[in-house]
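Notes follow once the structure below has been shown.
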């Protein structure tokens with residue numbers, strides 16, 4: 001079997017839940033410095049074993065075909081060799097069920113090209129930044145913060161992260177630490193199915209925004225001239241938040257038609 005295209009090694013694996021993990025890999029050769037928010041391809045051959053809690057594949061993989069998918073990089077942009085990814089398992093899918101079966105020392109494919117337009121560096125200096133996420137949509141924001149939070153002390157930076165349970169909040173500890181460390185950073189987790197121990201917000205992201213939490217708690221106005229929004233996660237949430245922002249005059253960002261709303265669906 002030809003595994004010549006495997007060019008990276010797993011050096012870290014942290015299971016957040018049985019279906020969410022942080023995977024750290026070491027590239028055989030360093031990549032070029034990227035921009036925070038971009039993505040890379042990960043890949044495994046179809047003959048690789050799938051995780052123990054996966055389900056039958058909807059479309060069976062071809063054994064000798066390299067399955068490749070893009071994943072947002074959670075690492076700081078200066079990390080060009082050891083790269084971190086935040087991945088959710090699609091139990092009936094071809095690739096994530098195989099990625100979840102990897103252990104330390106296993107080999108896999110890492111793309112050579114780094115791409116993506118979900119980039120913080122394209123926002124004006126001094127503008128406030130609101131980052132909205134569900135699920136693995138939090139990954140690019142971790143790269144944003146690790147890469148830029150020190151560089152932008154004049155910008156208020158807010159992460160609004162929605163989940164069902166506390167254990168679904170990936171990077172909760174790191175984000176809480178950043179909020180305590182940087183006066184211009186605010187972390188707003190909200191749960192829809194919290195238990196009695198949770199004393200934070202308990203509503204969906206869309207309702208939290210409509211309740212004007214940004215305006216009342218952080219003095220941040222949804223104003224395209226002052227505040228740029230990044231929205232990343234489940235398509236339904238992305239669509240509803242985008243619609244809410246359109247009422248404030250936001251337009252979706254495109255390279256040839258710059259806007260104040262950056263969108264990435266997972």
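Each reported figure results from applying straightforward, stated rules to the coordinates on display, with no laboratory input. The shown structure was predicted, so the numbers you read here are calculated from the model rather than taken from an experiment. Positions of Cβ are generated from backbone atoms using ideal geometry, with glycine treated the same way; all protein chains shown enter the neighbour counts.
How would you classify region 1-48 from its alpha-carbon gyration tensor, with a ≥ b ≥ c the square roots of the eigenvalues: rounded for a/c under 1.5, else prolate if a/b is greater than b/c, otherwise oblate? Write down the numbers at each step before the final one.
Working: a/c = 1.85, a/b = 1.04, b/c = 1.79.
Cα axes put region 1-48 in the oblate bin.
Eigen-decomposition of the gyration tensor built on the alpha-carbon atoms of region 174-233 gives equivalent ellipsoid semi-axes of 21, 17, 11 angstrom, largest listed first. Helix 235-246 sits at what angle to the longest principal axis of the chain, using alpha carbons and giving 0 to 90 degrees rounded to 10? Around 30 degrees separate the two axes. When the helices of the chain are scored as -39500 (n - 2.57) per DSSP H run of n ≥ 4 and the total is divided over every residue, the value at 222 nm lands at -5000 deg cm²/dmol.
Peptides 162-173, 22-33: what's the order by average Cβ count within 10 Å, highest mean first?
Numbers: 162-173: 18.2, 22-33: 15.2.
By packing density, highest mean first, the sequence is 162-173, 22-33.
When the chain is treated as a Gaussian network with alpha carbon springs shorter than 10 Å, the biggest mean-square fluctuation among 234, 68, 180 belongs to 180. Against the chain, whose longest principal axis is taken from its Cα atoms, helix 172-181 shows a tilt of about 40°. Normalising the Debye intensity of the chain to I(0), with uniform scatterers on Cα atoms only, and taking log10 at q = 0.15 Å⁻¹ returns -1.12.
Rounded to whole Å, the principal axis extents of the Cα atoms in region 143-184 read 33, 16, 15, largest first.
To the nearest ten degrees, helix 139-148 and the longest principal axis of the Cα atoms of the chain are 70 degrees apart.
Across region 8-110, the convex hull enclosing all Cα atoms gives 90 Å³ per residue. The label-point distance for residue 30 and residue 257, in a model that sets each label 7 Å from Cα toward Cβ, rounds to 4.0 nm. For region 144-266, list log₁₀ I(q)/I(0) at each q in 0.13, 0.20 Å⁻¹, using the Debye formula over Cα point scatterers of equal strength and ignoring solvent, two decimals each. Debye output, listed in q order: -0.55, -1.36.
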